[in-house]
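Single-structure report; data block below.
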Amino acid sequence: MKREEFDNKKKQEKNGNDNSLDKNKKNSQMNPKEINNAQIGYQAAITLWTCECDRIWSKFNAFLVASSIILLTAISIIIRTPTPCFLWVFLVAMSFIGMIFCILWLLMAKRSVDYIHYWIGSAREIEEKFLSPVKIVSRGKKFADGEKLEIEPFHMSLTGRLLRAREFLYISIAIFFIAYFVLFASSLCRVIQCYCC
């Protein structure tokens with residue numbers, strides 16, 4: 001049984017070496033123009049990836065500031081004693097707008113995350129098809145998943161994998177949405193008390 005496992009392992013290593021030899025042969029058969037085009041495409045994918053990452057955090061900061069201002073304004077109105085009925089109506093409208101704001105924020109964030117995945121996938125595909133043995137982006141997935149890398153016995157820590165940027169973004173949006181919903185429900189109750197009782 002051990003002999004069979006050893007033979008199977010050798011066959012897999014040989015197949016892996018054959019695949020890398022095939023890729024190297026393919027790369028050597030490519031003309032310089034194809035290699036140059038692949039390199040340009042790879043650089044474009046990496047550049048667009050980093051630009052989209054910058055844009056997603058710029059949007060996040062803008063939405064965060066706007067949402068914080070809306071909530072702080074609402075809190076300052078609530079703290080005021082006594083709060084007139086027309087201000088409770090204003091809070092209902094403001095919190096409803098805040099919830100719509102959070103939905104737009106989520107949609108924009110999701111679109112940006114999808115673009116980031118697209119650029120990463122494009123760079124990885126170019127690496128695998130045309131730029132072997134380059135594995136910068138390909139190894140990034142393994143690193144993010146906590147697997148050990150071939151280049152160095154290093155992997156991302158559990159705490160580093162615990163909360164990825166995408167999850168942090170979505171959790172932040174959810175927290176603001178919940179805050180707006182609570183504000184909406186409580187303000188609506190006060191409006192009903194003011195005008196119906």
- Where labels lie 7 Å past Cα in the beta-carbon direction, separation of Ser76 and Trp57 in nm: 3.0
- Note on the structure: Here the FRET efficiency for Cys85 versus Ile175, based on Cβ atoms and R0 = 35 Å and rounded to 0.05, is 0.75
- Message: If I model a spin label as a point 7 Å beyond the Cα along the Cα-Cβ vector, how far apart are those points for Asn37 and Cys194 in nm?
- Response: 6.6
- Item | Calculated from backbone phi, Karplus (6.51, -1.76, 1.60) coupling profile of the stretch 71-77 in Hz, x at Gly/Pro | 5, 5, 4, 5, 5, 5, 6
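Values quoted throughout were computed directly from the atomic coordinates according to the rules given, and no laboratory measurement underlies them. Note that the coordinates shown come from a computational prediction; the quantities given were computed from them, not determined experimentally. Positions of Cβ are generated from backbone atoms using ideal geometry, with glycine treated the same way; all protein chains shown enter the neighbour counts.
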